[in-house]
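Read-outs: derived from the displayed coordinates by stated rules, not from any lab. Computed from a prediction, not measured in an experiment: that's the story for all the values here. Note: ideal-geometry Cβ built from the backbone for every residue, glycine included; neighbour counts use all protein chains shown.
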Amino acid sequence: MERMIESSRKEPISAKPRKKSGVRVSQIVLWIVLSVLCLFWLIPLLYMLFASFTSDEVLVQGTEDGRFFNFFPPEWSLQSYGNIFSGEKIGGKDAPVMIWFVNSLLVSSINTVLVVLISAMAAYGYARMRFKGRGLAFSCLMITMMFPAVINLIPNYQIISAFGLKNNYLALIITGLGGVGNIFLIRQFFYGVPKDFDEAAKIDGAGDFRIFFQILLPQLVPVLVVVGMFTFLGSWNDLLWPQIVMTEPKMLPLTAGLGGIGYERSLNPSTSLAAAVISMVPVLLIYIFAQRFLLQGISISSGVKG
C-alpha cells in the first residue's frame, strides 16, 4: 500500500516538460534589425521637422561657426510657419499653402467616400449576385491590373478635355473611382461573411440594397477602413495628374502645388520644409486612427467574429 501511495505522488512519466520562459535570440536579432530600419526612416523625418523651425538664413548660409548641417536648430524659430499662414511666396513664386491644403482635403475626402462606396457595391455584385458571365467579367477586370496606370494619362486627359472639366475638381475625383484592387480586396472579404445573413434577410422580404447597406456593409468595416486609408493616401500624394489637368495655381492640391514650385524653393528651404510637415499631418492622423483595422482588413480570409 505504501508503495502505491508513493508511486501516485510521483509525476506521470507521460507529462510534457514545461517550456522555458524567456526571450529567444532570434527575437532579439529581429528587434535590433527593426530598430535600425526604424531609425533610417525616422532620422530624415525628424531632421525635416527640426529644420522647419530653423530660419531660412541659417539653412542657406549656415551658422556663425561655419556649420551647414545642424540636426537641432541653433535657434528655434516659427518664421517658416508664419510665412505659410500669411501667404508668403516660396522661391519667389506664389504659394497659397493653406488653400492647397483645403483643396487636397476636399478632393481626397470626396474621392475616398466615393471609391469605398463604389468598390463595395461592385464587390457585392461579384461576390453575392448570380448573373451570366460573372466569372468572365471579373477575369477581364483583373486583367486590367496588369497595365500600368501611366498609360491612361492621355486617354483620361482627352476625356476630361472633351467634357470641359479642366481646372475642375471633378477631374481629380472621377478618374480614380475605378479601383480594381479595391474591388478584389472587398470581394475576398465578402466570402468570409456567411451567406446565412443574406438568406435570412431575403426571407424577411429584404432586397439587394437593404441587404447590402443594412446587413453586410456593417460587417465590412475593417476592410472598408483599409481601402479608405489607401485611397486617401493615394489621392493626397498624387502629383502628376493634378499638374496636368489643373493650370490655375489656386486650384492645385497641396502635393502638386509644392511640386510645381520647382528647384527655386531652395531659396526658402525652411518654409518648404514647414509646408511638407503640414502636409504630413492628415496622413499621420489617418494612420493612427486606422492602424487597428489594418491587419484585420488586409487579411482577406477573416470572417465574422463569433
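Below, the figures for the structure above:
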| quantity | calculated |
| --- | --- |
| Inter-probe distance in nm under a simple model that places probes 7 Å from Cα toward Cβ, at LEU45 and ASN168 | 3.8 |
| Largest-first principal axis extents of the Cα set of segment 97-139 (Å) | 51, 16, 9 |
| Cβ-defined net charge surrounding ASP198, 13 Å radius [Lys, Arg +1; Asp, Glu -1] | +1 |
| All-pairs alpha carbon distance profile, segment 129-208, 5 Å steps from 0, percent | 3, 11, 14, 16, 15, 13, 11, 8, 6, 3 |
| Segment 181-281 - Rg and Dmax from Cα coordinates, angstrom | 21.6, 69 |
| Segment PHE72-LYS250, extension gain: residue separation times 0.36 nm, minus the distance between their alpha carbons | 60.7 nm |
| Rounded D (µm²/s) - segment 75-217, Kirkwood Rh over Cα pairs, Stokes-Einstein at 37 °C, 0.692 mPa s | 172 |
